[in-house]
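The values are calculated or read from the model by the stated rules, or taken from the named source; none is laboratory data. Just so it is clear, the structure is predicted and the values come from calculations on it, not from any experiment. Cβ atoms come from the backbone with ideal geometry, glycine included; neighbour counts cover every protein chain shown.
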Number of protein chains: 2
Amino acid sequence: MSEMIRIRMDNGSVTKEKLSNDEVRIGGRALTSKIISEEVDPACNVFGSNNKLVFAAGPFAGTTVSCANRLSIGGKSPLTGGIKESNAGGNVAYKMGKMGIRGIVLEGVPTNKEIQILYVSKDRVELVPADKYQEMTVYQAAEALREQFGKKVGLAIIGPAGEHLSMAAGIGCTDNEGRPSRYAARGGIGALMGSKGIKAVVFDDAGAKGPEIADKEKFKAAQKAITQEILNNEQVAETYTKLGTPGMVNITNSMGALPTRNFSRGSFEKADEISGQKMYETIKERGGEGNPSHSCMPGCLIRCSNVYADASGKESVAPMEYETIGLMGSNCGIGDLDTIAKLNYACNDLGLDTIDMGGAIGIAMEAGLLEFGDGEGALKLMEEVRNNTPLGKILASGGQRTGEILGVKRIPACKKQIMAAYDPRAIKGIGVTYATSTMGADHTAGQTIRAALEHTKPDKQVETSRQAQVINTMIDCLGFCFFTGSGINKKFEMMADLMTAFDGGECSLEDLKEIGRDTLRMEKDFNIRAGLNESDDILPEFFYTEENPDAKTAFDISREEMQKIFTLE
Amino acid sequence: MSEMIRIRMDNGSVTKEKLSNDEVRIGGRALTSKIISEEVDPACNVFGSNNKLVFAAGPFAGTTVSCANRLSIGGKSPLTGGIKESNAGGNVAYKMGKMGIRGIVLEGVPTNKEIQILYVSKDRVELVPADKYQEMTVYQAAEALREQFGKKVGLAIIGPAGEHLSMAAGIGCTDNEGRPSRYAARGGIGALMGSKGIKAVVFDDAGAKGPEIADKEKFKAAQKAITQEILNNEQVAETYTKLGTPGMVNITNSMGALPTRNFSRGSFEKADEISGQKMYETIKERGGEGNPSHSCMPGCLIRCSNVYADASGKESVAPMEYETIGLMGSNCGIGDLDTIAKLNYACNDLGLDTIDMGGAIGIAMEAGLLEFGDGEGALKLMEEVRNNTPLGKILASGGQRTGEILGVKRIPACKKQIMAAYDPRAIKGIGVTYATSTMGADHTAGQTIRAALEHTKPDKQVETSRQAQVINTMIDCLGFCFFTGSGINKKFEMMADLMTAFDGGECSLEDLKEIGRDTLRMEKDFNIRAGLNESDDILPEFFYTEENPDAKTAFDISREEMQKIFTLE
């Protein structure tokens, strides 16, 4: 039976509790949001003793089901002030599942300023003094932690940004090879971990035997069905596996949806230079450590991740994702993958969200601190962050506050979180998601780009976003990856079959969707109690007043219209 | 008959409209809040074309009634995101009243980045190119403007901080002698003026003959009654006139209410060194340009203002107020009036609110950038602001954002505005005002320190704050100074008598209070539509969890209890 572990940071006490029968299906985002919603005062100081940080694995974590080992990390967000779940690939949730741990909750705040490591194995939960790790970068810390705790452990680490309580700080999680670069990046969740005085959580699953499964044969069959569906899916092979998320560049560019120069345009003249095709060819051509098709999680068959190598074939950064390219590339006018790779690496190393940092750099460019397209200048800004200068601190607080401090009027953020790499005027459904999501401007909260409707027209976008939000939330609750839907050709019943076999009760797709809806309701309720209301469910004014010249339209769905999302069935 | 002037910043068009009969009593805060509430989209970008900046004089402006020439400046606040009225003494409202101008509304935003001067005389309203004024400090600009427009004009000026859209930027207004240091300081109203591209408004009342008064004899009699009441008030002479607002230092210090070291204590070991008594003695001893009893407005008999001189007798800054001493002095651990005077001057010169800047510097000290008590270090921080460095930009954005950027958990602000110099644990009524005021943490929004109740107990504080908020709002609406109530021994009927004589209709005190209540209702409604709700009507968590060791109590009035303020009759 799975268990929950709670650690009090003020006195170091550890308690364990078994999941009840009712809770067997509750994992991932369903679990983080349930705990935050039920146990955290929405009015609390995000860095105070009343906020909690929750790590949650999905129900299927620890199995080798493809795409089912995402890790959810939640809390009251330092960035948005609302509820937050940020999820990451990598091997952490897998190891949690192996150890039979569904969730870990960090409660309270330490009484002194010393930082600690939280070590978790199947037999032991322990806080370890970690003075020497203070101010270490994420890559440095990963290496030192493996030295201290063994090469096979999974890690969730914050960088200096998290220690400094910077609001763009994320949490880096290890991938299959131990790179700490699978990020739960958004919402300042790394700063929340910093406030708990925890530099890293070490997941040591040695000797662990995996989750209990009610009907193993049935489970095997359900898993096999998913495997077959993905392996037979040629589109997945052609796009996700070969090009990965960067394959999106050409698509959004042609739609006028690729954020360019602080969301002033939707097409970028150098899109070809930063496209998935270009990346694939570059990686292939350079050889060496590069790899265009890489699994970030144990068991993943889609392999949309990549290892990007420099001209000498040496690993430059892994992975380089579409969102990073869109925000740190075109959004900054930077049309060169090698430069973007360096910016990406710097964010990973310092423990920062590439989306909010790309937004912040684009805003600094709009403020005139440097020119759009100045890659060297952007790298210098990352050095400011590394040196923790005042300018670095501004940037590390994310795009919203960077804009406020620098006096920039055009800030592409919702609920203070910078938008992902889809211009909401060109893809209006995701605009509705940005505006109404409990999470702030987030693409995984309700992606509509693949929906069959006219993306530049306002019609049916609210309904489309709502459906996407329910499905995406369901996926987050199950610990599945966002791409599973494409992988299994939207045959979501397969997930229900898996659940039926897993816990032995009957489970329908409708049951799973209801977990998603319940989670959204809890999150919305938390946000309202936290003071985020209707007036926060809107896009920044300039999307309404400035036409996107490449999509040839402004955003034109009113707040009133978008509010209907909360009453639609 | 009084008139309203509207100027569109996008095309320079000017329109004038006469006040209707119904509007004769509507001035000051009643007018700014009415216009903002009725005409501004609460969801608008504060620096965008839909926000408006309103200058409003009280009904009695332009007469020599004591304390009746305050100037209200309003808009959607860049700092709080809610409605804002910030008022100042000085001679601007007097000159508006002389010219028969009740209000001036700046609408839209300029289409280019050039800055302009708005010149207003009885016959002419004109936008004048002002390139040479760009980046001028407030004192420099005042001198240059007097050179250009004549020595007798009244001025409302922003400094570099307002031009940079810094959220702690205020608007400096000239006093009787032309010093541009009577500040409408709060809520970032100077940044709003900056976004309108207006460096200064010049008020040239040459040849103007003053407001129309319905019954001049009656008015004279009512004015005489007020004059007598103030002149016969010995307490006013002993405290306000002699010691001015700094007389408050000893009072709050003894109550444990004097903010000390970022609101960690309520008494300061060097309080004697920064007290009103000390200031009075220092000014007297030094002689020269110093003056302990100075009128900031035409006609003022209370003369609580002062001119503080340095050791050589040369004017150092005028005025130096209690709030500045509390925030830039004790709150920063600085116990030396000469240093505080320099910090005060720097704020005035750069166009910044001393309260939010004192809060920001205290927070920087808590963050470890410098030690508490380091006056030289604080002055260096003001140099950072002057040089517009990244650190300077952080500080000029006010205390809330400084704390967020520097990772400080204890930020003494409500609705993002730093508290005035009264610890809300020691004076709980003002704590209720800070939490529930439409304006954010503001002492003039509802001061309870003189109410007859136990200030450290929670009982009756909500009711007391409410009464104070109504009376204080009424006073703001009439263009009266906050101190008038003490001056006339709370015989507020005198204001009603003045109004009866002024407009010829019968006016009761209840009528005037209703103007205050109406204004509060409009403001609250605006804030709700702007997204500021119940969860914003609260003090920061640490006031609930940390006892003020000098007042020996924490804040203990719940959000639910405070919400009753909106339903009390």
Discussion item. Just the residues that are within 14 Å of another protein chain (Cβ to nearest Cβ), assigned to a loop (DSSP other than H, G, I, E, B) and either of a type in the set (S, T, N, Q) or over 18 Å from A:ALA441 (Cα atoms) (or both), please, taken from the range A:541-563.
Written reply: A:GLU546, A:SER558
Worksheet item: Do we find a residue being of a type outside the set (A, V, I, L, M, F, W, C), in contact with a helix residue (DSSP H, G or I) (Cβ under 6 Å, 6 or more places away or on another chain) and on the phi > 0 side of the Ramachandran plot anywhere in the range B:373-382?
Response: no
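This table checks each residue for (1) over 20 Å from B:GLY407 (Cα atoms); (2) within 14 Å of chain B (Cβ to nearest Cβ); (3) charged (D, E, K, R).
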site: A:LEU127; (1), (2), (3): yes, no, no
site: A:GLN134; (1), (2), (3): no, no, no
site: A:VAL138; (1), (2), (3): no, no, no
site: A:ALA141; (1), (2), (3): yes, no, no
site: A:GLU147; (1), (2), (3): yes, no, yes
site: A:LEU155; (1), (2), (3): yes, no, no
site: A:HIS164; (1), (2), (3): no, yes, no
site: A:ALA169; (1), (2), (3): no, yes, no
Practice prompt. Select from the range B:303-315 the residues that are under 19 Å from B:CYS173 (Cα atoms) and surrounded by fewer than 24 Cβ atoms within 10 Å (Cβ to Cβ) and list them in ascending order.
Written response: B:ARG303, B:VAL307, B:GLU315
Worksheet item: Does A:ALA318 fit the bill of being in contact with a strand residue (DSSP E or B) (Cβ under 8 Å, 6 or more places away or on another chain) and small (Gly, Ala, Ser)?
Response: yes
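One line per residue, one yes/no per condition, for (1) within 24 Å of B:GLN116 (Cβ to Cβ); (2) within 14 Å of chain A (Cβ to nearest Cβ); (3) not in a helix (DSSP H, G or I):
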{"position": "B:GLY172", "(1), (2), (3)": "yes, no, yes"}
{"position": "B:PRO211", "(1), (2), (3)": "no, no, yes"}
{"position": "B:LYS218", "(1), (2), (3)": "no, no, no"}
{"position": "B:ALA221", "(1), (2), (3)": "no, no, no"}
Response to the item:
The one condition B:LEU19 fails out of (1) of a type in the set (A, V, I, L, M, F, W, C); (2) more than 30 Å from A:LYS415 (Cβ to Cβ); (3) at pLDDT 95 or above is (3)
Discussion item. For the list (1) modelled with pLDDT under 95; (2) buried (at least 24 other Cβ atoms within 10 Å of the Cβ), I need the number of the one condition that B:GLU212 fails.
Written reply: (2)
Worksheet, complete the sentence: Expected single match for closer than 20 Å to A:THR227 by Cα, of a type in the set (A, V, I, L, M, F, W, C) and in a helix (DSSP H, G or I) among A:ALA501, A:ALA468 is A:ALA501
Fill in: Only listed residue being closer than 30 Å to B:PHE543 by Cα, touching a Phe, Trp or Tyr at 6+ places or on another chain (Cβ under 9 Å) and basic (Lys, Arg), chosen from B:ARG265, B:ARG261
B:ARG261
Worksheet item: Quick check: anything in the range A:339-356 surrounded by fewer than 24 Cβ atoms within 10 Å (Cβ to Cβ) and of a type in the set (Val, Ile, Thr)?
Response: yes
Worksheet item: Which pairs have Cβ atoms under 8 Å, sit 6 or more apart or on different chains, and link a residue in the range B:529-540 that is more than 7 Å from every other protein chain (Cβ to nearest Cβ) to one that is of a type in the set (D, E, K, R) and not in a loop (DSSP other than H, G, I, E, B)?
Response: B:GLU534/B:ARG559; B:ASP537/B:ARG559
Practice prompt. Taking only the range B:316-340 into account, find how many residues are in a helix (DSSP H, G or I) and more than 17 Å from B:VAL385 (Cβ to Cβ).
Written response: 9
Worksheet entry | Search result, residues across the range B:242-277 that are part of a helix (DSSP H, G or I) and surrounded by 19 or more Cβ atoms within 10 Å (Cβ to Cβ) | B:LEU243, B:THR245, B:PRO246, B:GLY247, B:MET248, B:VAL249, B:THR252, B:ASN253, B:MET255, B:ALA271, B:ILE274, B:GLY276
Discussion item. Restricting to the range A:542-561, give me the number of residues that are without any contact (Cβ under 8 Å) to a residue 60 or more places away in the chain and either hydroxyl-bearing (Ser, Thr, Tyr) or surrounded by 22 or more Cβ atoms within 10 Å (Cβ to Cβ) (or both).
Written reply: 3
Worksheet item: Listed residues A:PHE502, A:PHE483, A:PHE492, A:PHE566; which is touching a helix residue (DSSP H, G or I) at 6+ places or on another chain (Cβ under 8 Å), away from chain B (no Cβ under 14 Å), modelled with pLDDT under 95 and closer than 24 Å to A:CYS296 by Cα?
Response: A:PHE483
Worksheet item: Hey, does the range A:106-120 have a residue that's closer than 27 Å to A:THR354 by Cβ and either of a type in the set (Gly, Ala, Ser) or in contact with a Cys (Cβ under 9 Å, 6 or more places away or on another chain) (or both)?
Response: no
Worksheet item: Which members of the range A:384-405 meet the condition of being within 7 Å of another protein chain (Cβ to nearest Cβ) and closer than 19 Å to B:ALA191 by Cβ?
Response: A:ILE394, A:SER397, A:ARG401, A:GLU404, A:ILE405
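Conditions (1) more than 28 Å from A:ALA61 (Cβ to Cβ); (2) in contact with a Leu (Cβ under 6 Å, 6 or more places away or on another chain), marked per residue:
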{"residue": "A:LYS428", "(1), (2)": "yes, no"}
{"residue": "A:THR436", "(1), (2)": "yes, no"}
{"residue": "A:THR456", "(1), (2)": "yes, no"}
{"residue": "A:LYS460", "(1), (2)": "yes, yes"}
{"residue": "A:CYS481", "(1), (2)": "no, no"}
{"residue": "A:ASP503", "(1), (2)": "no, no"}
{"residue": "A:SER508", "(1), (2)": "no, no"}
{"residue": "A:ARG517", "(1), (2)": "no, no"}
{"residue": "A:MET522", "(1), (2)": "no, no"}
Worksheet item: What are the residues in the range B:527-541 that are polar (S, T, N, Q), farther than 17 Å from A:ASN45 by Cβ and surrounded by fewer than 22 Cβ atoms within 10 Å (Cβ to Cβ), if any?
Response: B:ASN533
Worksheet, complete the sentence: Looking across the range B:82-105 at residues that are under 13 Å from B:GLY172 (Cα atoms) and in contact with a Ser or Thr (Cβ under 7 Å, 6 or more places away or on another chain), the single one that is surrounded by the most Cβ atoms within 10 Å (Cβ to Cβ) is B:VAL92
Worksheet entry | Answer residue from the range A:9-65, given it is within 28 Å of A:GLU506 (Cα to Cα) and among the aromatic types (Phe, Trp, Tyr) and is nearest to the other protein chains (Cβ to nearest Cβ) among those | A:PHE55
Fill in: Candidates B:ALA156, B:ALA130 - the one that is over 14 Å from B:ARG386 (Cα atoms) and buried (at least 23 other Cβ atoms within 10 Å of the Cβ)
B:ALA156
Discussion item. With crowded, with 21+ Cβ neighbours inside 10 Å and assigned to a loop (DSSP other than H, G, I, E, B) as the only criterion, which of A:CYS507, A:CYS477, A:CYS481 stands out?
Written reply: A:CYS481
Worksheet item: Any idea which residue in the range B:449-474 is nearest to the chain's Cα centre (by Cα), counting only those that are crowded, with 24+ Cβ neighbours inside 10 Å and among the hydroxyl-bearing types (Ser, Thr, Tyr)?
Response: B:THR473
